[in-house]
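S.K.: My structure is below; once you've seen it, I'll send some questions.
The values are calculated or read from the model by the stated rules, or taken from the named source; none is laboratory data. Computed from a predicted model, the values in this text were never measured in an experiment. Quick reminder, even Gly has a Cβ in these numbers, built from the backbone with ideal geometry, and neighbours come from all protein chains shown.
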Amino acid sequence: MTDSDTVLRNALRKGQESMEAERVPDFDAVWASAQSTANRKGRRTTVLGGMAAAAALLAVVVIGQMRGVEQDWQFVDPEELASSTYWAAPSDVLLPKHQFDLYGDIPVLIESTDSDGGALL
Amino acid sequence: MRDSDVLDNNPHVSRSALEAMHGQVFGWALSRCDFQQATAEDLVQQAYVELLTGKARFDGESSLKTFVFAVVQNLSRNRYRRIAARLRLHNRAGQEAATDVVDPIEPGEHRDLWNAVQELPARQRDIVELVFCRDMTIEEASAVMGVTTGTGRVHYDRAKKALRGKLEND
């Protein structure tokens, strides 16, 4: 650092010190306010975090319950089908009209399969 | 560093270290906000909140002083971005913003020099303050200002030339 730098530095520092001397607030007061703000922020974060966790838990429970409502799939049992001439559609709720005896109640065939002089229409 | 002193969310920062540099940090905050006392107090408090909550985390990669000064610098930048937007609205409405600006220095032997510093471009003014008044190296000052050391050195040289020129002319 040159002499002129030193002169400049000293002059500026004196000016700066005289400017700040009376104005610096008490550290303890500023620190106490900062701590109280930080604690408040921390509490707010905790509350928000708790609310988010509760919302996530609620979502999991609701989704779980919605899955429970789904019906179990039913499949045709070949042995059961072979041992009886009666068959019902697996989903009785959805297809109540589709119950018939394979040999007794022949379902109405669609018209296009009716024979007409030995040939299908 | 006393153990009881260490901040919970910032293990490399102690209350006593912050207390030791409190005056300097406040001075830096004061010059960040055109010497508005209340704003400078807010800035310093906000910087301490950032350190207490760990939002600004010091990992010992620079000096603590450089780090805290940079936190104040960033906070003041954010603050002035918001204020600039608000001022534009005020100006549109034809209102003037209220300020609590105080005359930073009493008339005296350093008045001319002080005025000369205040007339420098912002970055030159900042580096002069950090190097001459806050005992930082050009590298540290550049880190606080968020510029490269090379850029910081250029601002420093230009500021010194400008100051010498102004003082010689006066």
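S.K.: Starting from the range B:147-160, keep only residues that are closer than 16 Å to B:ALA116 by Cβ, then list their pairs with residues that are assigned to a loop (DSSP other than H, G, I, E, B) whose Cβ atoms are within a distance under 7 Å, requiring at least 6 positions of separation or different chains.
M.R.: B:ALA159/B:LEU120
S.K.: Could I ask something else about it? Would you mind stating whether B:ARG111 is at pLDDT below 75 and outside the structural domain of B:MET21 (by TED's automatic domain parsing)?
M.R.: In short, yes.
S.K.: Here's a follow-up. Looking at A:GLN71 and the list (1) of a type outside the set (A, V, I, L, M); (2) in a loop (DSSP other than H, G, I, E, B); (3) modelled with pLDDT of 70 or more, which single condition is not satisfied?
M.R.: (3)
S.K.: May I pose another question? Does A:THR45 count as surrounded by fewer than 15 Cβ atoms within 10 Å (Cβ to Cβ) and at the interface with chain B (Cβ under 9 Å from one of its Cβ atoms)?
M.R.: Criteria met by A:THR45.
Yes/no matrix, rows are residues, columns are (1) under 30 Å from B:LEU18 (Cα atoms); (2) outside any helix (DSSP H, G or I); (3) at pLDDT 80 or above; (4) not hydroxyl-bearing (Ser, Thr, Tyr):
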| residue | (1), (2), (3), (4) |
| --- | --- |
| A:VAL7 | yes, no, no, yes |
| A:SER18 | yes, no, no, no |
| A:VAL24 | yes, yes, yes, yes |
| A:ARG40 | yes, no, yes, yes |
| A:ARG44 | yes, no, no, yes |
| A:ARG67 | no, no, no, yes |
| A:PHE100 | no, yes, no, yes |
| A:GLY104 | no, yes, no, yes |
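S.K.: Could you check how many residues of the range A:26-38 are closer than 16 Å to B:ALA38 by Cα, of a type outside the set (A, V, I, L, M, F, W, C) and assigned to a helix (DSSP H, G or I)?
M.R.: Within the range A:26-38, residues that are closer than 16 Å to B:ALA38 by Cα, of a type outside the set (A, V, I, L, M, F, W, C) and assigned to a helix (DSSP H, G or I) number 1.
S.K.: Restricting the search to the range A:2-39, which residues are at the interface with chain B (Cβ under 7 Å from one of its Cβ atoms) and under 45 Å from the mean Cα position of the chain (by Cα)?
M.R.: A:VAL30, A:TRP31, A:SER33, A:ALA34, A:GLN35, A:THR37, A:ALA38
S.K.: Looking at B:ALA40, B:ALA17, which one is in a helix (DSSP H, G or I), within 11 Å of chain A (Cβ to nearest Cβ) and without any contact (Cβ under 8 Å) to a residue 60 or more places away in the chain?
M.R.: So the residue among B:ALA40, B:ALA17 that is in a helix (DSSP H, G or I), within 11 Å of chain A (Cβ to nearest Cβ) and without any contact (Cβ under 8 Å) to a residue 60 or more places away in the chain is B:ALA40.
S.K.: Another one. Looking at the range A:15-42 only, could you name the residues that are crowded, with 16+ Cβ neighbours inside 10 Å and not polar (S, T, N, Q)?
M.R.: Across the range A:15-42, the qualifying residues are A:GLY15, A:MET19, A:GLU20, A:ARG23, A:VAL24, A:PRO25, A:PHE27, A:VAL30, A:TRP31, A:ALA34, A:ALA38.
S.K.: Could you list, in sequence order, all residues of the range B:117-170 that are under 19 Å from B:VAL25 (Cβ atoms) and assigned to a loop (DSSP other than H, G, I, E, B)?
M.R.: B:ARG134, B:ASP135, B:MET136, B:THR137, B:GLY146
S.K.: For the range B:9-50: of the residues being over 17 Å from the mean Cα position of the chain (by Cα) and of a type in the set (Ser, Thr, Tyr), which is surrounded by the fewest Cβ atoms within 10 Å (Cβ to Cβ)?
M.R.: Among those residues, the one meeting the criterion is B:SER16.
S.K.: Please enumerate the residues belonging to the range B:75-98 that are at pLDDT 85 or above and surrounded by fewer than 16 Cβ atoms within 10 Å (Cβ to Cβ).
M.R.: Within the range B:75-98, B:ARG77, B:ASN78 meet the criteria.
S.K.: Residue check: is B:ALA56 part of a helix (DSSP H, G or I) and either at pLDDT 90 or above or not assigned by TED's automatic domain parsing to the domain that holds B:ARG134 (or both)?
M.R.: no
S.K.: More than 14 Å from chain A (Cβ to nearest Cβ), among the acidic types (Asp, Glu) and either touching a Lys or Arg at 6+ places or on another chain (Cβ under 8 Å) or over 19 Å from A:VAL30 (Cα atoms) (or both): does that describe B:ASP34?
M.R.: Here the answer is no, as B:ASP34 does not meet what is asked.
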